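The values are calculated or read from the model by the stated rules, or taken from the named source; none is laboratory data. Model, not experiment: these values are computed from the prediction. As a convention, Cβ positions derive from the backbone with ideal geometry for all residues, glycine included, and neighbour counts pool all protein chains shown. Protein only, heavy atoms only, side chains kept; ligands, DNA and RNA dropped before computing areas. Shrake-Rupley method; radii C 1.70, N 1.55, O 1.52, S 1.80 Å.
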Amino acid sequence: MVTVGFHASHEQISPAQLLKDVQHAEQAGFDAAMCSDHIEPWSARQGHSGFAWSWLGAALATTSLRFGVVTAPGQRYHPAIIAHASATLAGMFPERFWMATGSGENMNEHVTGDAWPPKETRQRRLEECVEVIRRLHRGEEVTHHGLVTVEQARIWDVPDSPPPIIAPAISVETARRSAAWADGLVTINQPADKLKDMLAAYRDNGGRGKAALQVHLSWAPREQDAAAIALDQWRTNTFAPPVPWDLPTAGHFDGVSGHIGEDQVRKAVNVSASLDQHAEWLGASAALGFDELYLHFVGQEQAPFIDAFAADVLPQLQGSQVQAPAQAPA
C-alpha cells in the first residue's frame, strides 16, 4: 500500500497554523507528514518561514504521525548540530522521524556570509557531513578535518534506532550518487520518464530503502481558482537548477518570476478542480515505484484541501494495491 503523507509548507503558513493543519491532516486520515527546513520563503507572497526543528518537536508530540524534514548540513548548520537535533527527536519519538540531507540552497545558507560553493563542492561537503552525523549517531567521538571541521564532538543521548538519512534529489546524477550513502530517496513531481530514470539510477547503483515523492498540487472547486492559487503561490518555484540553488532571497525569486504564466506553472504543479483527476495523477506516480507520496497543496488555506482529499482522493490511493510497471524498481 502506498503511504499518503501531508507536506507542511513552512514557507507559506505560520508555525502555529501549520501545527493545527498537520493535526487536522492526521484526523482526516493522512498517514505521515514532512516539511522543509527554510529560513527564507520562495516569495514575499508566501511570507512565512518558521523554524522546522522547533516545530517538529511540537508536531511529533501532538500527533502520532511519522515525520520527515529536508535540511542541509554544512553551512548554516554544523553537522554536529544536525546530529544533535535529529538524535534528540529520534530518541523521544522512536521510529517516527527521518531527515533528508541535501547540499543546500543559497536562499537559506547565505545568512552566514560565507561564500556559496559550486555544486560539486557542496555535494562533497554534504557527503562528509553525512558520515560525521552517522558516526555521532553511533556514539563515537568525532574529529574531522575537511570541507567541514569537527573537533571532539560527541552526542551523549544516542537513540537506540538512529533516524534514517534520506537523499533529496531532483536529478538523475544526484540520485545515482546518493545510492552510496542514503537510506532512501525523496524527490518532487517531474515528468514520468525522468522519475523512472531517477529511480533506476538509485536502485541500480545499490540504493536501499523507500522512495518518496513530494507532489505539488493545486485544487479548488473551480478550475480558475485552482490555477490562480498555483500562479500566485508557486510561480517562483518553476525554475530548473541552478536557479533555485543559487538565488539568495525571496526578492530575487519574485524578481525573476514576474513573467511566469499559468502554462509554465502547470508544468510544476498538478492543477485541477477534479478530485478524480488528482487521484489518477497520484496513482500514476505511485505506480512508477514510489512507496510514499507527500501531497503539497500549494495554497495557504489547507483545511478545504485536507477535507476534500480525505473524502475523495485518499480512499482511492490507500484502499487499493498500486501495481508498479515491470521496468520500475519496487
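Once both axes come from the Cα atoms, what is the angle between helix 303-312 and the longest principal axis of the chain, in degrees from 0 to 90, rounded to 10? The helix 303-312 is inclined about 70 degrees to the chain. How many percent of all Cα-Cα pairs in the stretch 224-293 sit more than 14 Å apart? So the pairs more than 14 Å apart make up 65 percent of the total in the stretch 224-293.
You can think of it this way: the chain between Glu95 and Arg222 has 41.7 nm of extra reach, that is 0.36 nm per residue less the Cα-Cα gap.
A cut-off under 13 angstrom between Cβ atoms defines the neighbours of Gln277, and their net charge, with Lys, Arg +1 and Asp, Glu -1, is -3.
Each of Ser54, Gly258, Gly104 was scored by the projection of its Cα onto the charge dipole of the chain, and the greatest displacement toward the positive side belongs to Gly104; charges sit on the C-beta of Lys, Arg, Asp and Glu. For the stretch 155-268, the equivalent ellipsoid built from the Cα gyration tensor has semi-axes of 31, 17, 16 Å, listed from largest to smallest. Given +1 at the Cβ of Lys and Arg, -1 at the Cβ of Asp and Glu and no other charges, the dipole of the stretch 44-160 around its Cα centre is 320 debye to the nearest 20. Counting Lys and Arg as +1 and Asp and Glu as -1, each charge on the Cβ, what is the dipole of the chain about the Cα centre in debye, to the nearest 20? Using only the charged Cβ atoms, the result is roughly 540 debye. Label sites at Val256 and Asp160, each approximated as a point 7 angstrom past Cα along Cα to Cβ, lie 4.8 nm apart.
Spin-label model, Asp197/Ala240: points 7 Å from Cα along the beta carbon direction are separated by 1.0 nm.
Counting every Cα pair in the stretch 102-217, what percent are over 22 Å apart? When every Cα pair of the stretch 102-217 is considered, 44 percent fall beyond 22 Å. Normalised per residue, the accessible area of the stretch 148-278 is 45 Å², obtained with a 1.4 Å probe and no contribution from ligands, DNA or RNA.
Probe radius 1.4 Å, ligands and nucleic acids ignored: give me the carbon and sulfur share of the accessible area of the stretch 230-308 as a rounded percent. In the stretch 230-308, the share of accessible area belonging to carbon and sulfur is 53 percent. Mean-square fluctuations from a GNM of the chain, with a 10 angstrom spring cutoff on Cα atoms, peak among Gln190, Gln46, Gln277 at Gln277.
Within straight-line reach of Lys194, meaning a Cα separation under 22 Å, sit the following lysines at least 8 residues removed in sequence or on another chain: Lys119, Lys210, Lys267.
Looking at the chain, send over the antiparallel percent of its DSSP beta bridges, to the nearest 5.
10 percent
A cut-off under 10 angstrom between Cβ atoms defines the neighbours of Ala179, and their net charge, with Lys, Arg +1 and Asp, Glu -1, is +3.
In this label model, Leu275 and Thr112 are separated by 4.6 nm, measuring between points 7 Å along each Cα→Cβ vector. When Rg/Rh (Cα atoms, Kirkwood Rh) is calculated for this entry, the matching label among [x] 1.36; [y] 0.94; [z] 1.00 is [y]. At q = 0.12, 0.13, 0.15, 0.21 Å⁻¹, what log₁₀ I(q)/I(0) does a Debye calculation on the Cα points of the stretch 59-150 give, no solvent, two decimals? Debye output, listed in q order: -0.40, -0.46, -0.60, -1.03. The residues neighbouring Val142, those whose beta-carbon lies less than 13 Å from its own, together hold a net charge of -1 under the Lys/Arg +1, Asp/Glu -1 convention.
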